[in-house]
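The values are calculated or read from the model by the stated rules, or taken from the named source; none is laboratory data. If you're wondering where the values come from, they're calculated on a predicted model, not measured in any experiment. In this analysis, Cβ positions are derived from the backbone assuming ideal geometry, glycine residues included, and neighbour counts consider all displayed protein chains.
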Amino acid sequence: MNKKQKQNLIRILLSTGLLIVLYFIPVSGWMRFLLYMIPYLIIGYDILWKAIKGIIHRQPFDECLLMAIATVGAIALAIRENGDYTEAIAVMLFYQVGEWFQSYAVGKSRKNITDLMDIAPEYANLERDGHLEQVDPDEIEIGSILVVKTGEKIPIDGVVLDGDASLDTTALTGESIPRSVHKGDEVISGCINTDGVLRIRTTKAFEDSTVAKVLELVEDASSHKSHSENFITKFARIYTPIVVYSAIALAFIPPLIQCMMHTQPQWGTYLYRALIFLVVSCPCALVISIPLSFFAGIGSASHEGVLVKGSNYLELLSEIKTVVFDKTGTLTKGVFEVTNIHPEKISADELLHMAAHVERYSTHPIANSLKKAYPNEADACSISDAKEIAGQGMQAIVNGKLVCVGNAKMMDAMGISWQNCLDAGTIVHIAIDGVYAGHIHISDVVKPHTKQAISELRKNGVSNIVMLTGDSRSVAQRVAQDVGIQNVYSELLPQDKVKKVEDLLQNKAKETDRLAFVGDGINDAPVLSRADIGVAMGAMGSDAAIEAADVVLMDDDPLKLATAIHISRKCLRIVKENIWFAIGIKVLCLVLSAFGLTNMWVAIFADVGVMILAVLNAMRCMFIHSIEPID
């Protein structure tokens, strides 16, 4: 609890204690009034002051005015009839109890979001002339050398020059397993170095780094309200004046009619009914619980490593029926890896060994994947006469043998009979001293949780899943078959992707159905903007894609999209439960109070009781279970 919550809790307990003590003190008259005003002012002074300020600023119609009129009126009736002041104080007391629950719930939910705010580094260790200087991250230029010690945050995105370390990425991605980094690895700002020392060369300015982008997204999220929140705001503006004027009419019109009919006017009875009417009518349950539900939902999502840029987007997530995925970097890792080795006459290990040696001096992505698959290629073997043949591959003398590594064109040019491979992807053929030795299959690898993500999306109401890619048809079909997607469109240019998304938008089954596009590259930015809701991969995705998106998955895991939709659907269900429950109880109690069939205690339940129940229901949004990955 924060300081204000503790103070309010003390006020609630103190007022409750005084009420209990006064119940056993036999006093009457003005002394009774003065003693009961002590707990009333302790618990309600801030509400009375807000109501006065609202009148001064000509914005009187809110719940504070309703509470002030109702409780002051109840006290006035008690003075007139020498009655019980407990009802009036109880109204204010229980209202404050409801406010405390709401404050506590917001505080708990805010913690999930402020955990993200804590990723901002306070300083950076800049290496300059062999010495370390602590400087503000804003002052760091691109290409600077930073040192990150154990327990410190990485201040700016960069590449590791020296050192090995484990990084805690929980605040950014929601992933509890530390990430190991080594020389040459890219690192993003906001991660905490849990062990080791890293020397990093910065690749971005601070304002363009991951941590700055995340903080900007979090700060902007509250400005985007959902349709439900906008409805409640408009509803409260219209509803509050109506009930105030209705209460005034209830207090004066029936007694005036009685005067006209020459019967005894019951001013006290109808004034009491009007006060009950005001207490019942207070829209606290809706005004508090609906924004709280969305706030808690956004907090739950951020705890799972999903940044939702506003509650309007959280609402849209719950209405998604079609999800369109980009392939490379979204469903797949976006990097080449050796997936199969097909040797002839030599072992698979020896085939990979020879290929890695020949590609040692190449910077081509294919060469990098071969060297990564055989990390010990820099051994004692003798390599000479390495040369690259444009459009074909590499060749070199390895331990006195001519080894050729390349595509089918190289094999044909050298008159070597090669073996065809049915696997979709890149095929690297190897020949040793003019004899075919086998081939290695290299392809983009599907992310570990992609298949589960597709399955979970269908479980969460997504009926149409589509994959768009610029890759060849064979590669696209292989990936789609592996992950369980039926609708595939391949060999597309960026403008073709936009056209395909527009076609899908036009052919939606219902107007309320929403389409989400998930991508990571700079070429995905136009499609992200065109979709009903754009989802970007945040860890390694391009800045343009993150800017254009409405939702950012911080660890690039497509399963997090299913988690976000799961959270949004539960959140919206809780919002609808609160709307129907609160309005239903209010309408029933308003009708009963107008006919004098309720007392102040029923009014207290209809106002504060319903608010507390709605807030407690809204707090469930903070505890929505995420979808656990199946490894």
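Could you tell me which numbered condition Trp601 fails, if it satisfies all but one of (1) farther than 30 Å from Thr563 by Cα; (2) crowded, with 19+ Cβ neighbours inside 10 Å?
Of (1) farther than 30 Å from Thr563 by Cα; (2) crowded, with 19+ Cβ neighbours inside 10 Å, only one is false for Trp601: (2).
Only residues that are touching a residue at least 40 places away in the same chain (Cβ under 8 Å) and farther than 17 Å from Ala76 by Cβ: list them for region 29-44, please.
Within region 29-44, Pro39, Ile43 qualify.
Before we move on, is Ser384 in a strand (DSSP E or B) and in contact (Cβ under 8 Å) with a residue 12 or more places away in the chain?
Yes: the conditions hold for Ser384.
Among the strands (runs of 3 or more DSSP E) lying completely within region 99-158, list those that include at least 2 residues that are in contact with a Ser or Thr (Cβ under 9 Å, 6 or more places away or on another chain) and modelled with pLDDT of 85 or more.
Filter on region 99-158 gives 124-128, 145-148.
Using beta carbons and a limit of 7 Å, which pairs, at least six apart or on different chains, have the first residue in region 312-336 and closer than 14 Å to Ala564 by Cα and the second one part of a strand (DSSP E or B) and small (Gly, Ala, Ser)?
Listed by first residue and then by second, the contacts come to Ile320/Ala516; Val323/Ala516.
Checking Ala525 against (1) crowded, with 21+ Cβ neighbours inside 10 Å; (2) touching a residue at least 40 places away in the same chain (Cβ under 8 Å), which single condition isn't satisfied?
Answer for Ala525: the failing condition is (2).
Quick check on my filter: what residues within region 415-459 are small (Gly, Ala, Ser), part of a strand (DSSP E or B) and closer than 27 Å to Phe517 by Cβ?
Ser443, the sole residue that qualifies.
Ala355: more than 38 Å from the chain's Cα centre (by Cα), on the phi < 0 side of the Ramachandran plot, crowded, with 16+ Cβ neighbours inside 10 Å and modelled with pLDDT of 80 or more, yes or no?
yes
Run down Lys459, Lys447, Lys497, Lys451 and say which single residue is more than 21 Å from Ser362 (Cβ to Cβ), surrounded by fewer than 18 Cβ atoms within 10 Å (Cβ to Cβ), under 35 Å from the mean Cα position of the chain (by Cα) and charged (D, E, K, R).
Just one listed residue meets the conditions, Lys459.
I'd like to check which helices (runs of 4 or more DSSP H) are fully inside region 240-331 and have at least 2 residues that are over 23 Å from the mean Cα position of the chain (by Cα).
Hits in region 240-331: 267-281, 284-303.
Tell me the residue from Glu337, Glu319, Glu344, Glu350 that is touching a helix residue (DSSP H, G or I) at 6+ places or on another chain (Cβ under 8 Å) and either surrounded by fewer than 24 Cβ atoms within 10 Å (Cβ to Cβ) or at pLDDT below 85 (or both), please.
Of Glu337, Glu319, Glu344, Glu350, the one residue that is touching a helix residue (DSSP H, G or I) at 6+ places or on another chain (Cβ under 8 Å) and either surrounded by fewer than 24 Cβ atoms within 10 Å (Cβ to Cβ) or at pLDDT below 85 (or both) is Glu337.
Looking at Gly415, Gly438, Gly406, Gly393, which one is assigned by TED's automatic domain parsing to the domain that holds Arg360 and surrounded by fewer than 18 Cβ atoms within 10 Å (Cβ to Cβ)?
The conditions single out Gly415.
I'd like the residue in region 462-494 that is hydrophobic (A, V, I, L, M, F, W, C) and free of Cβ contacts under 8 Å to residues at least 24 places away in the same chain and, out of all such residues, is surrounded by the most Cβ atoms within 10 Å (Cβ to Cβ).
Ala480
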